[in-house]
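The values are calculated or read from the model by the stated rules, or taken from the named source; none is laboratory data. Remember, it's a predicted structure, so these values are computed and weren't measured experimentally. Note: ideal-geometry Cβ built from the backbone for every residue, glycine included; neighbour counts use all protein chains shown. All accessible areas refer to the heavy atoms of the entire protein, side chains included, with ligands and DNA or RNA removed. Shrake-Rupley method; radii C 1.70, N 1.55, O 1.52, S 1.80 Å.
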Amino acid sequence: MFQSKKDIIYVVLAGIFITNAVVAELIGGKLIHIGPYVMSVGVLPWPVVFVTTDLINDYFGVKGVKKLSLLTAGLISYCFILLYFALKIPAVQGAGLVTDAQFTAVFGQSMWIIVGSITAFMVSQLIDVSIFHFFKNKTGKKMIWLRSTGSTVISQLFDTFIVLGIAFWLTGKMTTEVFITSALAGYFVKLVIAIALTPLIYVGHALIEKQLKKDEVDH
């Protein structure tokens with residue numbers, strides 16, 4: 001089925017990438033407090049998406065990232081379609097069962113979040129890829145942390161403001177002041193998580209290199 005260990009590595013990274021992206025969409029409607037600020041809990045899985053993006057970038061290049069980004073956007077759209085029909089189908093009435101109002105309260109918000117996220121996702125991925133390869137061309141195989149963290153710092157800024165702007169500000173669920181403070185809070189949390197996950201980039205590189213060397217020996 002797989003031609004090499006590199007194919008398996010791509011599938012594993014793609015699985016992590018897609019799972020975190022889709023989960024982020026489904027949980028994005030819940031707002032939480034970070035100190036005095038409000039942010040969507042959906043921001044939590046996104047640093048993992050960007051870390052995975054950087055690993056795919058390093059070993060599979062721009063084409064590998066773009067193909068996976070388009071596939072993920074398509075799957076998120078598929079979730080949007082399923083949610084749309086699920087919201088339209090009447091629920092069974094009865095004590096202890098989930099009502100239409102409860103279901104809509106949870107998943108109805110995800111509809112606009114998905115629209116905002118697809119837009120933000122594609123824009124931020126293009127920015128991430130461009131900045132990543134800019135740093136890589138300058139530093140070669142050195143300073144992995146710079147191309148990884150540097151591309152994430154900038155791309156997540158756009159991602160955060162775009163998704164909140166479409167999902168909450170344009171829909172009137174947030175005032176301009178709350179939108180700006182929430183976006184900054186969410187961006188800061190993403191940034192902290194992304195920096196904290198930087199060692200995983202090196203772990204990922206080490207594991208991938210080990211598997212690729214085994215593949216070379218086997219062939």
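Below is a table of values for the structure above.
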| item | result |
| --- | --- |
| Anisotropy class of the stretch 70-113 from Cα gyration tensor, a/c 1.5 cut | prolate |
| Point-to-point label distance, K67-I154, nm (Cα→Cβ direction, 7 Å offset) | 2.6 nm |
| Cβ-derived FRET efficiency at R0 30 Å, L87 paired with T175, nearest 0.05 | 0.65 |
| Loop sites in the stretch 67-131: chymotrypsin sites (Phe, Trp or Tyr not before Pro), DSSP, at most 13 other Cβ within 10 Å | none |
| Per-residue HN-Hα couplings for the stretch 153-161 [Karplus 6.51, -1.76, 1.60; θ = phi - 60°; Hz; x = Gly/Pro] | 4, 7, 5, 6, 4, 5, 4, 5, 5 |
| Length gained when the stretch L207-I195 is fully extended (0.36 nm per residue, less Cα-Cα span) | 2.3 nm |
| Cα gyration tensor, the stretch 1-102 - rounded (a/c under 1.5), prolate or oblate | oblate |
| Portion, in percent, of the accessible area of the chain that falls on carbon or sulfur, probe 1.4 Å | 72 percent |
| For the stretch 116-126, Karplus couplings with θ = phi - 60° (6.51, -1.76, 1.60), whole Hz, Gly/Pro x | x, 5, 4, 4, 5, 4, 5, 5, 5, 5, 5 |
| nm² value of the averaged projected area, convex hull over the Cα atoms of the stretch 80-210 | 11.4 nm² |
| Number of Lys pairs (Cα under 26 Å; 8 or more positions apart or on different chains) in the stretch 1-156 | 25 |
| Whole-number accessible area per residue in Å² for the stretch 154-219, which is evaluated in the context of all protein chains at 1.4 Å | 56 Å² |
| Read-out Rg and Dmax of the Cα atoms in Å, derived from the coordinates shown; its label in (i) 20.5, 67; (ii) 19.1, 63; (iii) 24.2, 100 | (ii) |
| Cα-based helix-to-principal-axis angle, 5-27 vs the chain, degrees rounded to 10 | 20 degrees |
